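Q: The following block contains the structure, expressed as structure tokens.
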Amino acid sequence: MENPRLLADRIVQNVEQVIVGKTQEVRLALVALLCGGHLLIEDVPGVGKTILARSLARSTGCTFRRIQFTPDLLPSDITGVSVFNQRDQNFEFRPGPIFAQIVLADEINRATPKTQSALLEAMEERQVTVDGVTRPVPHPFMVMATQNPIEYEGTFPLPEAQLDRFILRLHLGYPSMTDEVLIMDRQQHSHPVEDLEQITNETEIGQLQAAVKAIYVDPLIKQYIVSLVESTRQHPGVYLGASPRGSLALYRTTQALALLDGRDYVAPDDVKALAYGTLGHRVIVNPSSRVKNVTPATVIQECMERLPVPGARARGGSPSAST
């Protein structure tokens, strides 16, 4: 395998042929994949949420399936179903779209809670149980779910237990005017996603995921992460703070970000950069604070401002100044 940072940069640049002007968001999507986690994209329609998933799948050589969540979607429409074969006189399993390496759960909050919960086992245990038989999902495996934060009619908000299983939440946002003109130019004759080349394969993605786990995290950084998560639980404006799964998410994503930056150790700035993306959807602000315009973003920002920042240390090195 080539240099991990160079390979990751090539993937990001390839996806950016389609997703214009969103380098940071593309990097975060790749971070989620390299951590073996799942990604929640919350934004208005038409900003490229579905195309981001397709582009990432094409660039990494992963199989891709899209599930359009609707109120009448059944759990079996996701996991698959056993069908009786009259010729063989036995039941055969027909796998659902969850058996892909990158699964796009489009407008996930449109489906009923029962159908939403069909994803939980696959997201957490990397397996699906149908008719008492457990089958593993492919590796690598990532669910990219989208939801519209504006239109709530006919939706079923994701419960906290399911939100907690997404390692990152991101917002794409509108492109700049210059980027929007560039998007029109690139789509004049055909959609650029159809011409994307494959940069890597599932074997190399597995090697990148192993390289992420080898990134050094100093004990001071680990303590900083735990202190930050604990402070969200103690904040006076918070009804429910981040869980230990949030600590693990912040820990693992900082390793992936360090890899993308070409470092073999995690710096405090990695924690700051990923604090809101990993913890924001796990923090529930209490009603009395919500009316005062307190948001999860302000809670996490206040928690970071109160905590002393440790120095960055390479493996076995001495502390250095942190920004």
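What follows draws every value from the coordinates through simple rules; no lab data is involved. What you see is a predicted model; the values in this text were computed from it and never measured. As a convention, Cβ positions derive from the backbone with ideal geometry for all residues, glycine included, and neighbour counts pool all protein chains shown.
Q: Express the relative contact order of the stretch 4-207 as a whole percentage, based on alpha carbon pairs under 8 Å and six or more residues apart in sequence.
A: On the way: 350 pairs, mean separation 68.2, N = 204.
Here the relative contact order equals 33 percent.
Q: In the chain, with Lys and Arg counted as +1 and Asp and Glu as -1 at Cβ, which of these residues, Asn201, Met142, Pro95, has the Cα nearest the positive end of the dipole, that is, farthest along it?
A: Checked the options; the winner is Met142.
Q: While we're on this one: Could you give the length gained on full extension between Arg66 and Asn90, defined as 0.36 nm per residue of separation minus the Cα-Cα distance, in nm?
A: Working: separation 24, 0.36 × 24 = 8.64 nm, distance 2.95 nm.
Stretched fully, the Arg66-Asn90 segment lengthens by 5.7 nm.
Q: Top mean-square fluctuation among Val309, Val271, Val83, Gaussian network model of the chain, C-alpha springs under 10 Å?
A: Looking only at Val309, Val271, Val83, the biggest GNM fluctuation is shown by Val83.
Q: From Cα pairs below 8 angstrom and at least 6 apart in sequence, can you work out the relative contact order of the stretch 167-258, rounded to a whole percent?
A: Relative contact order comes out at 30 percent.
Q: Can you pull the three principal axis extents for the Cα set of the chain, in Å, largest first?
A: Largest to smallest, the principal-axis extents are 71, 48, 43 Å.
Q: Pick from Phe99, Phe64, Phe84: which is most flexible by mean-square fluctuation in a GNM of the chain where alpha carbon atoms under 10 Å apart are linked?
A: Phe84
Q: Among Phe141, Phe156, Phe166, which comes first, then next, by fewest other beta-carbon atoms within 10 Å? Kindly include the intermediate steps, with their values, before the conclusion.
A: Numbers: Phe141 21, Phe156 17, Phe166 26.
Ordered by Cβ neighbours within 10 Å, fewest first: Phe156, Phe141, Phe166.
Q: Ok, one more. Per the Debye formula with a single identical scatterer at each Cα and no solvent contribution, what log10 I(q)/I(0) holds for the stretch 123-278 at q = 0.11, 0.18, 0.21 Å⁻¹?
A: Calculated log10 I(q)/I(0) at the listed q: -0.68, -1.32, -1.36.
Q: What does the charge dipole of the stretch 4-207 about its Cα centre add up to, to the nearest 20 debye, if the Cβ of each Lys and Arg holds +1 and the Cβ of each Asp and Glu holds -1?
A: It comes to approximately 340 debye.
Q: Still on this structure: Whose amide H sits under 5 Å from the amide H of Phe141, counting only residues 5 or more places off or on another chain, with H placed in the peptide plane?
A: none
Q: Would you mind counting up the charge near Glu121? Only other residues with Cβ under 11 Å from its Cβ, with Lys and Arg at +1 and Asp and Glu at -1.
A: Numbers: positive: Arg126, Arg135, Arg165; negative: Glu124, Glu125.
Result for the neighbourhood of Glu121: +1.
Q: Bin by bin, in steps of 10 Å, what percent of the Cα pairs in the stretch 43-128 do you find, going until the bin that has the longest distance?
A: 16, 40, 31, 10, 2
Q: Which value in nm describes the separation of the simple spin-label points at Val44 and Asn286, placed 7 Å from the Cα toward the beta carbon?
A: 3.4 nm
Q: If I stretch the segment between Lys222 and Ala273 completely, what's the gain in nm (0.36 nm per residue apart, minus their alpha carbon distance), one decimal?
A: That works out to 16.8 nm of additional length.
Q: I've got another one for you. Restricted to Cα positions, what overall size does the stretch 215-306 have along the principal axes? Three whole-Å values, descending.
A: Ordered largest first, the stretch 215-306 gives principal extents of 43, 22, 20 Å.
Q: Picking from Val44, Val26, Val266, which is most flexible by a Gaussian network model of the chain using Cα springs under 10 Å?
A: Val44
Q: Can you spot the lysines whose alpha carbon is less than 29 Å from Lys272's alpha carbon? Ignore those fewer than 8 places along the same chain.
A: The reachable lysines, counting only those whose Cα sits under 29 Å from Lys272, are Lys22, Lys49, Lys213, Lys222, Lys292.
Q: Could you work out how far apart the two model spin labels at Tyr239 and Lys213 are, taking each label as a point 7 Å from the Cα in the direction of the beta carbon, and quote it in nm?
A: Each label point lies 7 Å from its Cα, and together they span 3.7 nm.
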